[in-house]
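Comments concern the structure below.
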Amino acid sequence: QVQLVESGGGLVQPGGSLRLSCAASGSIFSIYTMGWYRQAPGKQRELVAIITSGGSTNHADSVKGRFTISRDNAKNTVYLQMNSLKPEDKDVYYCSAVLGRLNYWGQGTQVTVSS
C-alpha cells in the first residue's frame with residue numbers, strides 16, 4: 001500500500017511557475033514508476049509526465065520544454081516543475097505510483113492559471 005499526498009498547487013498568472021510535490025509513504029518508493037496526470041471537469045485524466053525507478057522520463061507533447069518531472073528517492077518525493085504556465089494548464093493534478101498491476105493515486109491538487 002502506498003499513500004500519496006500532493007501539494008504546491010495554487011493560482012498563478014500566465015507565464016508563471018509552480019512546483020508540485022508528491023510525498024509517498026507506506027512502501028519502497030524507489031521501485032515505483034511515478035507519474036503526474038491532470039484532469040479537467042468532464043474530461044478524461046491525461047498523462048503529463050512519468051519517471052521510472054531508473055530515472056527515465058517522458059513528458060506529454062503539450063508540456064515538453066515547459067514542465068519537468070524529477071524524483072528524490074531519499075525524500076520519497078516526486079516533483080513537477082511547471083514553467084511558462086498557460087491558461088490551458090488549469091486542471092487538477094494527480095500523482096500516481098505504479099508497480100506492475102498496482103496503481104495508487106493521490107487526492108489531487110488544483111492548479112489555476114489566470115490573470
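The values are calculated or read from the model by the stated rules, or taken from the named source; none is laboratory data. If you're wondering where the values come from, they're calculated on a predicted model, not measured in any experiment. Note that each Cβ is placed from the backbone with ideal geometry, even for glycine, and that neighbours are counted across all protein chains shown. Heavy atoms of the whole protein, side chains included, go into the accessibility calculation; ligands, DNA and RNA do not. Shrake-Rupley method; radii C 1.70, N 1.55, O 1.52, S 1.80 Å.
Before moving on, here are some points about what is shown:
Each row is one residue, and each column tells you yes or no for (1) modelled with pLDDT under 95; (2) within 10 Å of V78 (Cα to Cα).
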position: Q1; (1), (2): yes, no
position: S7; (1), (2): no, no
position: S21; (1), (2): no, yes
position: I28; (1), (2): yes, no
position: I31; (1), (2): yes, no
position: M34; (1), (2): no, yes
position: R38; (1), (2): no, no
position: P41; (1), (2): yes, no
position: I51; (1), (2): no, yes
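- Among residues of the range 1-27 that are under 17 Å from N103 (Cβ atoms) and open to solvent by 20 Å² or more (accessible area, probe 1.4 Å), those with a beta-carbon under 8 Å from a residue that is part of a loop (DSSP other than H, G, I, E, B) and not small (G, A, S) at least six positions away or on a different chain give the pairs V5/Q107; S25/V2; S25/N76; G26/Q1; G26/V2; S27/Q1; S27/V2.
- Looking across T52, T57, one residue alone is more than 19 Å from V111 (Cα to Cα), touching a strand residue (DSSP E or B) at 6+ places or on another chain (Cβ under 6 Å) and open to solvent by less than 60 Å² (accessible area, probe 1.4 Å). It is T52.
- No other residue among S62, S70 is outside any loop (DSSP other than H, G, I, E, B), surrounded by fewer than 21 Cβ atoms within 10 Å (Cβ to Cβ) and either more than 13 Å from the chain's Cα centre (by Cα) or of a type outside the set (V, I, T) (or both) apart from S70.
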